[in-house]
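Below: one structure, written as structure tokens.
The values are calculated or read from the model by the stated rules, or taken from the named source; none is laboratory data. None of these values were measured; they are calculated from a predicted model. Note that each Cβ is placed from the backbone with ideal geometry, even for glycine, and that neighbours are counted across all protein chains shown. When the accessible area is computed, the model is the full protein with side chains, heavy atoms only, and any ligands, DNA or RNA have been set aside. Shrake-Rupley method; radii C 1.70, N 1.55, O 1.52, S 1.80 Å.
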Amino acid sequence: MSRSTQQREYHIVVLGSGGVGKSCLTAQFVQNVWIERYDPTIEDSYRKLIEVDGRQVIMEILDTAGTEQFTAMRELYMKSGQGFLLVFSITSLSSLHELTDLRDQLLNLKDSTHVPLVLVGNKSDLEDDRAVSRARAFATSQAWGNVPYYETSARRRQNVTEVFVDVCRQIMEGEREGAR
Ligand code: GDP
Ligand code: MG
């Protein structure tokens with residue numbers, strides 16, 4: 001891709017345990033719709049054109065599924081992805097724990113500690129069922145090297161655009177540093 005190209009294309013991968021809301025977040029961002037039930041086996045990519053800091057950006061978003069199996073597949077999309085949303089549900093502590101392994105695998109594959117990523121605590125509308133405190137999730141994000149932490153609600157469309165834009169900014173920032 002030439003540096004002079006006006007329109008950039010970035011590959012974003014949405015990772016996390018089954019049921020945390022990866023598909024709902026992706027659908028809210030890409031299509032502005034709330035869908036109560038997704039097929040849990042759906043693994044597909046979506047394109048969306050957005051403007052970030054005055055630049056036109058095409059985001060190619062891979063909504064992943066079945067992270068437990070298909071390790072070879074996972075390696076492939078971790079390698080080709082440029083930015084990652086690591087999603088858990090604030091109603092499930094184990095869904096946060098499972099991200100630690102995913103992140104380790106990601107950093108190993110990228111052979112770098114500086115991978116554009118965002119920690120996302122989804123289902124923030126379910127405050128009564130909260131099992132992961134904000135402080136706990138934030139501490140995890142700090143332990144990961146100050147990665148940004150957001151709480152989102154795909155259902156209410158809260159912070160949905162923000163998480164995708166944040167990871168996009170990190171990729172752009174990395175490109176600027178690389179060009180220096
Ligand atoms: P995935 O397996 O990570 O892709 O999860 P899905 O996007 O299929 O969502 C799993 C379940 O969580 C579905 O029943 C959704 O309706 C529900 N869900 C997803 N996001 C939210 C949210 O922000 N709030 C609430 N209350 N439910 C959600
Ligand atoms: Mg899904």
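The share of accessible area on the range 10-119 that comes from carbon and sulfur is 50 percent, using a 1.4 angstrom probe. Here the sum of -39500 (n - 2.57) over DSSP H runs of 4 or more residues, divided by the residues of the chain, equals -12000 deg cm²/dmol at 222 nm, to the nearest 500. For the range 87-114, the residues whose amide N sits under 13 Å from a probe point set 7 Å from the Cα of Arg136 along the beta carbon direction are 89-98.
Each label was represented as a point 7 Å from its Cα along the Cα-to-Cβ direction; for Asp111 and His97 these points are 3.3 nm apart. Anisotropy class assigned to the range 1-156 is rounded, per the alpha carbon gyration tensor with a/c under the 1.5 cut-off. Neighbours of Tyr150 by Cβ distance under 12 Å: Lys/Arg scored +1, Asp/Glu scored -1, total -2. How would you classify the range 88-144 from its alpha-carbon gyration tensor, with a ≥ b ≥ c the square roots of the eigenvalues: rounded for a/c under 1.5, else prolate if a/b is greater than b/c, otherwise oblate? Prolate, because a/c is 1.5 or more and a/b exceeds b/c. The Cβ shell under 12 Å around Met78 holds other residues with a net charge of +1, Lys and Arg each +1, Asp and Glu each -1. Please report the net charge: other residues with Cβ closer than 12 Å to the Cβ of Leu49, K and R +1, D and E -1. Computed value for this residue: +1. Over the chain, Cα pairs under 8 Å with separation of 6+ residues give a relative contact order of 25 percent.
What separates the Cα centres of the range 129-164 and the range 61-119 is a distance of 15 Å.
Counting only protein heavy atoms and a 1.4 Å probe, the chain has 52 square angstrom of accessible area per residue.
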